[in-house]
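Asks: I'd like to ask you about the structure that follows.
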Amino acid sequence: MALLEVKDLKVRVEEREILHGLTLTVNEGEVHAIMGPNGSGKSTLSHVIAGKPGYEVTDGQILFKGEDLLEMEPDERAAKGVFLAFQYPVEIPGVATMNFLRTALNAQRKARGESEYSTPDFLKKVREVSKSLNIPQDMLKRGVNVGFSGGEKKRNEVLQMALFEPSLCILDEMDSGLDIDALRIAADGVNALRSPKRAMVVITHYQRLLNYIVPDVVHVMSRGRVVKSGGKELALELEASGYAQFEAA
Amino acid sequence: MPAVQETVERVKRIDVDQYRYGFETLIESDKAPKGLSEETVKFISEKKNEPAWMLQWRLEAYRRWLTMTEPTWARVDYPKIDFQDLYYYAAPKPKKTVSSLDEIDPEILKTYEKLGIPLREVAMLEGVEPKVGEEDPARRKIAVDAVFDSVSVATTFKAELKKAGVIFMPISEAIREHPELVQKYLGSVVPTSDNFYATLNSAVFSDGSFVYVPPGVRCPMELSTYFRINERNTGQFERTLIIADKGSYVSYLEGCTAPQRDENQLHAAVVELVALDDAEIKYSTVQNWYPGNSEGKGGIYNFVTKRGDCRGANSKISWTQVETGSAITWKYPSCILRGDNSRGEFYSIAISNGFQQVDSGTKMIHLGKNTSSRIISKGIAAGKSQNTYRGLVTAHRKATGARNFTACDSLLIGDKCGAHTVPYIEAKNSSATFEHEATTSKISEDVLFYCIQRGLSQEEAVGLVVNGFVKDVLQQLPMEFAVEAQKLISISLEGSVG
């Protein structure tokens, strides 16, 4: 079943059109990779799906589980199961990671009409999840991402993904700023979350990440459109031949 | 407003009796005529049954005040106050009794709910006839000296405090019952000639709290005062005096609310703290007076003089304030570090939204040897407000080994507000060590979006980020105050973004 349907999406930022009619369908259980050069509109797509302010949708549609996503506030989208793992997770000084996780999780549950987690239940859950991701408890006591290494920040994103259990995960340039070991740890975390009910959209410049998170479908974006789609072998092909062939189009 | 069931209930009960006891005259006539003159000062003094020396003290202050002009150096802008167009004294009217919470303005109830004050306490505060309610023994005891309008109508927990030898009573009573203490200390920290507003207060102060903690006594409970302004056009002139004798300790909480109204209200309080050898005073304030409406109309003018004197060696005074209300705030809780090895602290959160103007900070005056001070100030400006930190750190010639650390951080929300930092630093001897750090930052769209993407609403996100920003100061507040202050901060910033 189609989880995410982007239909002929046109998006402007300050009078300049970035996406010129993008179409993409992601089914439950699938992992899609979106590749493309700088400025092709990959991050714009992820931001528009998540609802970041500053983008104007001039045409087209985004359906999530059949509902019009563009009609929803960004926090409603989160509660419905849209999760964006940020390329550069922000620091929030003075807000303990543990407190942040609980506030966010309970806000989502409340929005869905579910009961909020009690402190002991929450602690139990967060311990379980962080243990499976090899995240030390002491990291959870620090301010959100404050003084975290690049690897820790990405692991914190994966931790939230595991905790919030979204049905759509968008990973924006997860490999940026990570060394090979940190990348492997983060990718292992992501792979553990693959499930038949959950879809993932992995945005990346490089094929390297896709050695760790193997996609079902690969899309190539150029100048605000999907110009080619294929299986995982398409990524390898791109690695060899580069994006130049699409730039001319 | 750390409202605790049992204390509020007691206040409520005493309220009526005390009122009958103290004010048998007709209520309507218990208001001084409009304007300020020697007659007004005499009227107030007479109402309070004050001894002659007190009247004399007031009159001297009044005559001095006539020669003074309003200070204009603060970064606040407001229409000129007509001091002859104000009432300077009003005794409380009996509260209108309502039979159920349904009769109370739903807006007010909403605010109480947001502050997390249980409804049974709201019932007390709003004057709903008390029903037999269950006590909540888990909460810590707080003694409340309630100030409704200008007269302290009740003081609770007197017995227990008496056992410890602590004196906690309205200052009007202390003037009659403990004249030796009042005469010795009143005006000894903030002299009657100190500044325009302090002098005005000295002439017309209506009431306030008096605390004396005897040598070696650790006050057995937090002392707390509620301030409420109910009378239209009535200036509030509170006077508080706290004395911690040698080796004693006291923590005092002050919280304020005021109902909405159109006219500006003048408030000029004076607070004096005296800490003798080895004594410690911790003074915490949560201030959320009416800040004016969305067009900047109305709101309280708050011109406060708060000063602590670390008179004895090894004494310590700590000010913690959460300022969210008032249209104009002009307030600099300060410490005079007179005793050797004495220590002063100032922790402040000042939030301005809408059209609020805040000019607040502190003075740390190092006079004794090896004195130390610490200033942590967090200013948050939103809406069209202006938020200024103004601070003075000074070391006297003889204050060898003086140390100060200052950190001033400002956070801007939106692009129509302003944050300003005006530090004055003076070291008159070469052994002083002063450190000053200051930052100004904007609340970042990226940080807000990150929080919202995780499921928080815009307002929850702002509240979370701001509470993180002020965490260092919140930690200085007593527990129940901290919880309320945290909620208050979020409420104060509602509608500040988007």
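Asks: Any chance the range B:363-373 includes a residue that's touching a residue at least 24 places away in the same chain (Cβ under 8 Å) and within 14 Å of another protein chain (Cβ to nearest Cβ)?
Replies: Just the residues of the range B:363-373 that are touching a residue at least 24 places away in the same chain (Cβ under 8 Å), to begin with: B:363-373.
Adding the requirement that they be within 14 Å of another protein chain (Cβ to nearest Cβ) leaves none.
So far as the range B:363-373 goes, no, none of its residues is touching a residue at least 24 places away in the same chain (Cβ under 8 Å) and within 14 Å of another protein chain (Cβ to nearest Cβ).
Asks: Let me ask something else about it. What is the one condition in (1) crowded, with 16+ Cβ neighbours inside 10 Å; (2) farther than 30 Å from B:Gly354 by Cα that B:Thr433 does not satisfy?
Replies: (1)
Asks: Further question on the same structure: So which residues in the range A:143-172 are surrounded by fewer than 21 Cβ atoms within 10 Å (Cβ to Cβ) and part of a strand (DSSP E or B), if there are any at all?
Replies: A:Gly143
Asks: Just for the range B:467-496: of the residues that are under 19 Å from the mean Cα position of the chain (by Cα) and outside any helix (DSSP H, G or I), which one is surrounded by the fewest Cβ atoms within 10 Å (Cβ to Cβ)?
Replies: Only one residue tops the list, namely B:Gln475.
Asks: Would you mention how many residues in the range A:208-249 are surrounded by fewer than 19 Cβ atoms within 10 Å (Cβ to Cβ), closer than 20 Å to A:Gly189 by Cβ and touching a helix residue (DSSP H, G or I) at 6+ places or on another chain (Cβ under 6 Å)?
Replies: Number satisfying all stated conditions: 1.
Asks: Specify which of the listed residues (A:Leu140, A:Leu123, A:Leu159) is touching a Ser or Thr at 6+ places or on another chain (Cβ under 7 Å) and more than 30 Å from A:His219 (Cβ to Cβ). Steps first, answer last, please.
Replies: Working: A:Leu123 fails: touching a Ser or Thr at 6+ places or on another chain (Cβ under 7 Å); A:Leu159 fails: more than 30 Å from A:His219 (Cβ to Cβ).
Unique residue meeting the criteria: A:Leu140.
Asks: I've got another one for you. Name the residues in the range B:311-357 that are within 19 Å of B:Gly299 (Cα to Cα) and not polar (S, T, N, Q), would you?
Replies: If the condition is that a residue be within 19 Å of B:Gly299 (Cα to Cα) and not polar (S, T, N, Q), then B:Val322, B:Glu323, B:Gly325, B:Ala327, B:Ile328, B:Trp330, B:Lys331, B:Ala350, B:Ile351, B:Gly354, B:Phe355 are the ones that fit.
Asks: Just for the range B:438-466: of the residues that are within 9 Å of another protein chain (Cβ to nearest Cβ) and in a loop (DSSP other than H, G, I, E, B), which one is surrounded by the most Cβ atoms within 10 Å (Cβ to Cβ)?
Replies: So the residue we want is B:Gly455.
Asks: Of everything in the range B:466-498, what is within 15 Å of A:Val144 (Cα to Cα) and in contact with a Pro (Cβ under 9 Å, 6 or more places away or on another chain)? Give them in sequence order.
Replies: Within the range B:466-498, B:Gly468, B:Phe469, B:Lys471 meet the criteria.
Asks: Keeping to the range B:278-310, report how many residues are surrounded by fewer than 24 Cβ atoms within 10 Å (Cβ to Cβ) and within 13 Å of B:Arg343 (Cβ to Cβ).
Replies: Count: 3.
Asks: Only helices (runs of 4 or more DSSP H) wholly contained in the range A:29-142 count here; list those with 2 or more residues that are more than 14 Å from every other protein chain (Cβ to nearest Cβ).
Replies: Working: elements: A:42-50, A:74-80, A:97-111, A:119-132, A:137-141.
It comes to A:42-50, A:119-132, A:137-141.
Asks: Still on this structure, I have one more. Can you name every residue in the range B:425-435 that is outside any loop (DSSP other than H, G, I, E, B) and free of Cβ contacts under 8 Å to residues at least 40 places away in the same chain?
Replies: Of the residues in the range B:425-435, the ones outside any loop (DSSP other than H, G, I, E, B) are B:425-427, B:433-435.
Listed by number, the residues that qualify are B:Ile425, B:Glu426, B:Ala427, B:Thr433, B:Glu435.
Asks: Go through (1) charged (D, E, K, R); (2) closer than 24 Å to B:Val462 by Cβ; (3) at pLDDT below 90 and name the single condition A:Lys131 misses.
Replies: All conditions pass for A:Lys131, except number (2).
Asks: Return the residues of the range A:66-108 that are among the basic types (Lys, Arg) and modelled with pLDDT of 95 or more; say none if nothing qualifies.
Replies: First, the residues of the range A:66-108 that are among the basic types (Lys, Arg): A:77, A:80, A:102.
Residues satisfying the conditions are A:Arg77, A:Lys80.
The values are calculated or read from the model by the stated rules, or taken from the named source; none is laboratory data. The shown structure was predicted, so the numbers you read here are calculated from the model rather than taken from an experiment. Positions of Cβ are backbone-derived with ideal geometry, glycine not excepted, and every protein chain shown enters the neighbour counts.
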